[in-house]
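The values are calculated or read from the model by the stated rules, or taken from the named source; none is laboratory data. If you're wondering where the values come from, they're calculated on a predicted model, not measured in any experiment. Positions of Cβ are generated from backbone atoms using ideal geometry, with glycine treated the same way; all protein chains shown enter the neighbour counts.
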Amino acid sequence: MRLRAGALAEEQPDLTRVARAQERPLVLMLGLLFHDLGKGLGPDHSKRGAELVRAYADRTGLDPADAADIQWLVLAHLKMSHISQRRDLEDARLIEDFAREVESVERLEMLYLLTYADMASVSAENWTTWKANLLRTLYERTHAQLLAEGLPAHAHSVEARRERLAERIAPLAGEHAGLARDFSNAVPERYLAIARPEPAVRHLALWAQARKSGFASELHLSRSGEAALTLVARDRPGLLALFTAALAANGIDILGAEVNSLEGGIALDTFVVREAGGGAPSETRWEAARVDLLKLLAGSEDPHRLVQKRLRRASWATSAEPEVETRIRVDDVSSEEMTILDVRAQDRPGLLHTIADALHRAGVSIEVARIATEGNRATDAFYLRDLSSARSPGRLAKITDPARLDAVVAAVQAAIASLAGRG
């Protein structure tokens, strides 16, 4: 394995360190060998793969403990990518439950390495800095939970983590150094979980600008070639729908998104973006989108007109990839405070705007959004609270009424079907 040999030490130092520390490399190698062998053998290829492991272990006399761990790796090989990309990593109960399922640091390390190999082998575009940061955050938080021996994953208080963020970004913040502590106190806990100094410094500057003018933006091209777009504005219901309308209308596709609501009524949303044909958006394209977005925020432009303009001129190339069936699933268990809506659908221009707008029109607030796109498949997760059932002003609740929940799901389903029909 290239990681274990040190061939990727400069590119992936953390993963290399973990790979070199493995004391049972055969277990990991067999997990890698078997993890996708169940494909084509019926539904649930993970379960089919585990059955193949069992047969192999019986035939070769494999050590029972090794066989059990290989089976577990095959059964769980999609778990870390799913959680990291589609769940709120600041949810302490989520981390505790995952750590309980993993059981040991050794299993966690092997699953971390297998997940990286599985994701990076799909295509050069599939393993992004965005996904790497999310996966590393899940690994680090679960690792800390396992070592804490039952203590909460927040072994360090939120206040201490805010202090650490301020201390890390202040020396890099230049003229905004004096605002580092205010910024770290304003961001939500989930931001602290994935914050890295370099982007946090840029976010601090944008936050300072938006507090004065109401809006700030930046299109940043990282050393890895990934284009990160940050939009900061005064928060309002339906803001994500406005952001995504401006991007869709100007041919900017969204590959990933992180939505944050800060103290003081400021929203800080970050997106991984590309042009429809691939590559980072040009300055000209982004400037056109920024102009449209300012019009939308001012109320002088209609978001639906903008999106329709994009859809009319979009070039729909015939794809060899199979059509992706739309699936919407409600998760009312993973979060105690919010209802999670998992949406899998064929990626199309304007898809995220269509979903966000449908949720806004259905009267729910998007508190957290995790957006991921692989090839022609979008797998998005939305953490929702119900605007119509708030017990008191400013206190939004989970969607508990089954009829209400059915109506929200139906609204999203209909919106996606309408978008597909226009394609």
> Quick check, is Arg59 without any contact (Cβ under 8 Å) to a residue 60 or more places away in the chain, part of a helix (DSSP H, G or I) and exposed (fewer than 14 other Cβ atoms within 10 Å of the Cβ)?
Replying inline: yes
>> Condition first: more than 25 Å from Leu94 (Cβ to Cβ) and modelled with pLDDT under 95. Now tell me which residues in the range 198-210 satisfy that.
In response: Glu198
> Residue check: is Lys39 outside any helix (DSSP H, G or I) and surrounded by fewer than 17 Cβ atoms within 10 Å (Cβ to Cβ)?
Replying inline: yes
> Name the pairs whose Cβ atoms lie under 6 Å apart, with the first residue in the range 226-241 and on the phi < 0 side of the Ramachandran plot, the second hydroxyl-bearing (Ser, Thr, Tyr), and 6 or more positions between them or separate chains?
Replying inline: Glu226/Thr128; Glu226/Thr129; Thr230/Thr270; Leu231/Ser217; Asp235/Ser261
> Can you spot a residue in the range 78-99 that is surrounded by 19 or more Cβ atoms within 10 Å (Cβ to Cβ), of a type in the set (Val, Ile, Thr), within 17 Å of the chain's Cα centre (by Cα) and within 21 Å of Gly38 (Cα to Cα)?
Replying inline: no
> How about the range 26-39: which of its residues are within 19 Å of Ser121 (Cα to Cα) and touching a helix residue (DSSP H, G or I) at 6+ places or on another chain (Cβ under 7 Å)?
Replying inline: Leu28, Leu30, Gly31, Leu32, Phe34, His35, Asp36, Leu37, Gly38, Lys39
> Out of all the residues in the range 328-345, which are in a loop (DSSP other than H, G, I, E, B) and either of a type outside the set (A, V, I, L, M, F, W, C) or farther than 16 Å from Ile83 by Cβ (or both)?
Replying inline: Asp332, Ser334, Ser335, Glu336, Glu337
>> Restricting to the range 123-132, name every residue that is at pLDDT 80 or above, farther than 25 Å from Leu30 by Cβ and part of a loop (DSSP other than H, G, I, E, B).
In response: Thr128
>> If I filter the range 397-423 down to residues being in contact with a strand residue (DSSP E or B) (Cβ under 7 Å, 6 or more places away or on another chain) and buried (at least 20 other Cβ atoms within 10 Å of the Cβ), which single residue comes out as modelled with the lowest pLDDT?
In response: Ile399
> Of the residues Ala358, Ala317, which single one is of a type in the set (A, V, I, L, M), at pLDDT below 90, out of contact with any Phe, Trp or Tyr (no Cβ under 8 Å at 6 or more places or on another chain) and over 16 Å from Ile254 (Cα atoms)?
Replying inline: Ala317
> Based on what the data block shows, is Glu218 of a type in the set (Asp, Glu) and in a helix (DSSP H, G or I)?
Replying inline: no
>> When the residues of the range 211-230 are narrowed to those that are at pLDDT 90 or above and of a type in the set (S, T, N, Q), which ends up surrounded by the most Cβ atoms within 10 Å (Cβ to Cβ)?
In response: Thr230
>> Any residue that is surrounded by 20 or more Cβ atoms within 10 Å (Cβ to Cβ), closer than 23 Å to Trp127 by Cα and under 28 Å from the mean Cα position of the chain (by Cα) - is there at least one of those in the range 64-73?
In response: yes
> Just checking, how many residues over the range 133-167 are more than 20 Å from Ser84 (Cβ to Cβ), buried (at least 21 other Cβ atoms within 10 Å of the Cβ) and at pLDDT below 90?
Replying inline: 0
>> Quick test for you: out of Arg290, Arg274, pick the one residue that is farther than 25 Å from Gly363 by Cα and assigned to a helix (DSSP H, G or I).
In response: Arg290
>> Yes or no: the range 111-122 includes at least one residue that is polar (S, T, N, Q), surrounded by 20 or more Cβ atoms within 10 Å (Cβ to Cβ) and either touching a residue at least 24 places away in the same chain (Cβ under 8 Å) or part of a helix (DSSP H, G or I) (or both).
In response: yes
> Residues Ile70, Ile95: which one is part of a helix (DSSP H, G or I), among the β-branched types (Val, Ile, Thr) and closer than 20 Å to Glu140 by Cβ?
Replying inline: Ile95
> Here is a list of conditions, (1) in contact (Cβ under 8 Å) with a residue 60 or more places away in the chain; (2) more than 21 Å from Arg385 (Cβ to Cβ), and Val273 meets all of them except one; can you say which number that is?
Replying inline: (1)
> Of the residues that sit in the range 255-271 and are surrounded by fewer than 23 Cβ atoms within 10 Å (Cβ to Cβ) and hydrophobic (A, V, I, L, M, F, W, C), which one is nearest to the chain's Cα centre (by Cα)?
Replying inline: Leu255
